[in-house]
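Written below as structure tokens is the structure these notes are about.
Computed from the coordinates by the stated procedures, all read-outs in this text should not be read as laboratory data. This one's a predicted model, so the numbers in the text were calculated from it and none came from an experiment. Cβ sites come from the backbone with ideal geometry, for glycine too, and all protein chains shown count toward neighbours.
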Ligand code: C5P
């Protein structure tokens, strides 16, 4: 069965609810994203087992950022979970990222490391204060260059930044903050899944629009019908 090139963000309040979403949607999507809310919650072991059982990909979005040795130990510890994707902040620096890569190698994991460029909650004023660079697109490109040079596998990037990152075509790009139809929540700039995938995203992350819907499968089917000739699907 073809699946939308998407990860579903499991951000519901309880992992009982998140487990229900995995059971409902696993035939339709590529993977599930476990972030702070579901990882630091009870039943996270059960949630992770359910994702593994479903044969969908597990994306552990813990956005690691610490001294190199601590990040390395974190990945050593996570090796028991063996996620398919894991995130860290590129701003943690070269040595931190190299330590992460070396832990993946040492533990013989197939986990892909994705670097967060610039949080979309930071604007030009913030980036000028922190990095002395007001142009956020320039900064995102600089972070991507750094990530490429230390051989991490990919980037987390906003729909807005995909076009400036086109030349990094060997890096996996995962884009959060994605909608299929909706426009009515708190995110100011909305990117639609078909636009992000056409602009170079390898996968998109969809959250509330699906997990809070009473009929998520109907939404996915309707979306599929509207976009059937576009290359938005994976096995
Ligand atoms: O808005 P939505 O519920 O679809 O967000 C899905 C997921 O993407 C959430 O887990 C959120 O933390 C993440 N996200 C992100 N960066 C953004 C927007 C959302 O990491 N700019």
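As a length-normalised measure over Cα pairs under 8 Å and 6 or more apart, the relative contact order of the chain settles at 20 percent. The ranking of 54, 49 by Cβ neighbour count inside 10 Å, starting from the fewest, reads 49, 54.
Compared with the alpha-carbon gap, the fully stretched path from residue 228 to residue 67 is longer by 53.4 nm at 0.36 nm per residue.
Assuming a ≥ b ≥ c are the square roots of the Cα gyration tensor eigenvalues, decide whether the stretch 4-226 counts as rounded (a/c under 1.5), prolate (otherwise, with a/b larger than b/c) or oblate. Walk me through the numbers on the way to the answer.
Details: a/c = 1.77, a/b = 1.16, b/c = 1.52.
The shape class here is oblate.
What's the extension gain from residue 130 to residue 149 if we count 0.36 nm per residue and subtract their Cα-Cα distance?
Values: separation 19, 0.36 × 19 = 6.84 nm, distance 2.23 nm.
This chain segment gains 4.6 nm when fully extended.
Here's the picture: a label point sits 7 Å out from the Cα of residue 195 along the beta-carbon direction, and within the stretch 97-123 nothing has its amide nitrogen under 13 Å of it.
Which FRET efficiency value, to the nearest 0.05, is calculated for residue 137 and residue 16 with the Förster distance at 30 angstrom and r the Cβ-Cβ distance?
On the way: r = 41 Å, r/R0 = 1.38.
The computed FRET efficiency comes out at 0.15.
Of all DSSP-defined beta bridges confined to the chain, some 5% are antiparallel rather than parallel.
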